[in-house]
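One structure is given below, encoded as structure tokens.
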């Protein structure tokens, strides 16, 4: 029989020493980031040299494992440091080469045309609604998004204990300022700054402390409309809203008004439009009623006129307000309001 014996596995210190002697040269030889990372994987990867050496630790006496672990950790730290230094050198070499090369001619046309952007559904709906009311004689008025409590609540006739003035519903700042909770503040500013008669619409962003879900956002868009003149009646308001609904949803669209309460109008009403999906027959969208709520409205409360220095015995008017997100959801059949603010190009590319 032969006296040859199987070769013994190298000891852990010997294996670590071999790795420590070879890895610096392997890193220096890597001429690109990809090659450098490949060499690192050969050392520290699942099948790397250091990983293979660690398997020897299981056969060491317990008393020797602490010292062996320190050797392994020291070598691993040295490999990581050498990798970072070599990577920095490779990146610096690439940058220097790029800077020394010919300059880019930024006047050259691109190889492919840039993709065209798309209008946002809220912008589409807002512009269409504004155009409708412009054609009905309304001008556009603007107002601040950071507003005084006086203009956002008090002059609109909100009682001091009204739930809308609670800290849970509004974003307050300092000095009696808050982020406006509706665009009705524009109504107050217009009445204080202009002499009637006038008619305005005021689109804009509003803020409320709502939890974000499929139907609510803490930041959304409204459009306020108001008209002040002599002998304005509820019939005028209904006529304007009926014409608006027909121009927005098509000829033959009908509306209905239901009594409702708002602090700054009297009487007040909710306005429903005949369901645009089932044409009044009843469907899941309208919950079988045949109608969908789209806005609130009413005749401007005399207290609001008094707060703005307008004689309610001489002047009357109406106001209405709608959420643009709700109009967009109904227009395009969008089920989750959060899609309107996530800016997903796959979603927005549908609106051309």
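Read-outs throughout are calculated quantities, based only on the coordinates presented, and are distinct from any laboratory measurement. Nothing here was measured: the structure is a model prediction, and the numbers come from that model. Here the Cβ is made from the backbone with ideal geometry for all residues, glycine too, and neighbour counts use every protein chain on show.
Working from Cα pairs under 8 Å separated by at least six residues, relative contact order for the range 135-250 is 26 percent.
Would you mind classifying the range 12-100 by shape? Square roots of the alpha carbon gyration tensor eigenvalues, ordered a ≥ b ≥ c; an a/c under 1.5 is rounded, otherwise it is prolate if a/b is larger than b/c and oblate if not. Taking the square roots of the gyration eigenvalues as a ≥ b ≥ c, the range 12-100 is prolate.
Using 0.36 nm per residue and subtracting the Cα-Cα separation, the extra length available between residue 120 and residue 81 on full extension is 9.1 nm. What is the angle, in °, between the Cα long axis of helix 184-193 and the longest principal axis of the Cα atoms in the chain? Nearest 10 is fine, range 0 to 90. Result, in degrees: 50. Taking Cα atoms only, the orientation of helix 234-249 departs from the longest principal axis of the chain by about 40 degrees.
The range 220-289 and the range 115-185 have Cα centres separated by 19 Å. Ellipticity at 222 nm from helices only: DSSP H runs of n ≥ 4 in the chain, each -39500 (n - 2.57), divided by the residue count, give -12500 deg cm²/dmol. Residues considered: 179, 329, 99. Largest GNM mean-square fluctuation over the chain, using C-alpha springs under 10 Å, is found at 99.
Helix 121-135 sits at what angle to the longest principal axis of the chain, using alpha carbons and giving 0 to 90 degrees rounded to 10? Orientation of helix 121-135: about 20 degrees from the principal axis.
Given contacts defined as C-alpha pairs under 8 Å and at least six residues apart, what's the relative contact order of the range 12-100, whole-number percent? Intermediate results must be reported in sequence, preceding the final value.
Details: 50 pairs, mean separation 35.1, N = 89.
Relative contact order here is 39 percent.
The alpha carbon centroids of the range 295-333 and the range 25-68 are separated by 73 Å.
Report the full-extension gain for the segment residue 34 to residue 14: residue separation times 0.36 nm, less the Cα-Cα distance, to one decimal in nm.
Numbers: separation 20, 0.36 × 20 = 7.20 nm, distance 2.92 nm.
4.3 nm is the gain from fully extending residue 34 to residue 14.
Sort the range 59-215 into rounded, prolate or oblate with this rule: let a ≥ b ≥ c be the square roots of the eigenvalues of the Cα gyration tensor; rounded if a/c is under 1.5, and if a/c is not under 1.5, prolate when a/b is larger than b/c, oblate otherwise. If you can, show how the numbers build up before the last one.
Values: a/c = 4.00, a/b = 1.89, b/c = 2.12.
Oblate.
What residue among 109, 160, 284 has the largest mean-square fluctuation in a Gaussian network model of the chain, using Cα springs under 10 Å? Looking only at 109, 160, 284, the biggest GNM fluctuation is shown by 109. Per residue, the average separation of C-alpha pairs within less than 8 Å and at least 6 apart gives the chain a relative contact order of 15 percent. Footprinting exposure proxy ranking of 126, 256, fewest other C-beta atoms within 10 angstrom first, gives 256, 126.
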